[in-house]
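Data first, discussion second: the structure below is written as structure tokens.
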Amino acid sequence: EPVPTGARVQVTIPTAFGVIGAVAQVVWAEPPDARPRGASYRHGLRFLSLNSSSELPLKLLLAGWR
């Protein structure tokens, strides 16, 4: 579903190292008429806060651990 610019969303990203959870704000949203039929809506997010339990999974993911 499209989310309006300025809205705050809870983001949950499962990784091999654990779940990364954060609060983010939508900074841009692709106009609905710009997407092909059946395609996902695209949004740009600014991360505002990270759940404390997400720190280690995020560090491992960014470091490229496998």
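No lab work stands behind these numbers, since they all come straight from the coordinates. Computed from a prediction, not measured in an experiment: that's the story for all the values here. Cβ: placed from backbone, ideal geometry, glycine included. Neighbour counts: every protein chain shown.
Compute, for the chain, the length of the dipole vector about the Cα centre, with Cβ point charges of +1 (Lys, Arg) and -1 (Asp, Glu) only. Units Debye, rounded to 20.
Using Cβ point charges on Lys, Arg, Asp and Glu, the chain gives about 120 debye.
What is the set of long-range amide H partners of Gly18 at a cut-off below 5 Å, with H atoms built 1.01 Å from backbone N?
Distant-sequence amide H within range of Gly18: zero hits.
Each residue of segment 5-14 in turn: what ³J(HN,Hα) in whole Hz from Karplus with 6.51, -1.76, 1.60 and θ = phi - 60°, glycine and Pro shown as x?
4, x, 5, 9, 10, 8, 10, 10, 10, x
Under the Karplus relation 6.51 cos²θ - 1.76 cosθ + 1.60, θ = phi - 60°, what is the ordered set of whole-Hz ³J(HN,Hα) values for segment 28-42, x standing for Gly and Pro?
So the Karplus estimates, Gly and Pro as x, are 8, 9, 5, x, x, 6, 8, 9, x, 4, x, 7, 5, 7, 9 Hz.
Find out how many positive minus negative residues lie around Leu45, taking Lys and Arg as positive, Asp and Glu as negative, among other residues whose Cβ is under 14 Å from that of Leu45.
After counting each charged neighbour, the total is +2.
Once you list every other residue whose beta carbon is under 12 Å from the beta carbon of Thr5, what net charge do they have if Lys and Arg are +1 and Asp and Glu are -1?
+1
Please name which of Ser54, Pro36, Val9 has its Cα lying farthest along the dipole of the chain towards the positive end, using unit charges on Cβ (Lys, Arg +1; Asp, Glu -1) and the Cα centre as origin.
It is Ser54.
Please work out the ratio of the alpha-carbon Rg of the chain to 2.2 N^0.38 Å and round it to two decimals.
Scaled against compact globular proteins, the figure is 1.31.
Hey, can you grab everything whose amide H is under 5 Å from the amide H of Asn51? Only 5+ residues off in sequence or another chain; H modelled, so Pro and N-termini drop out.
Long-range HN contacts for Asn51: Gly21, Ala22, Val23.
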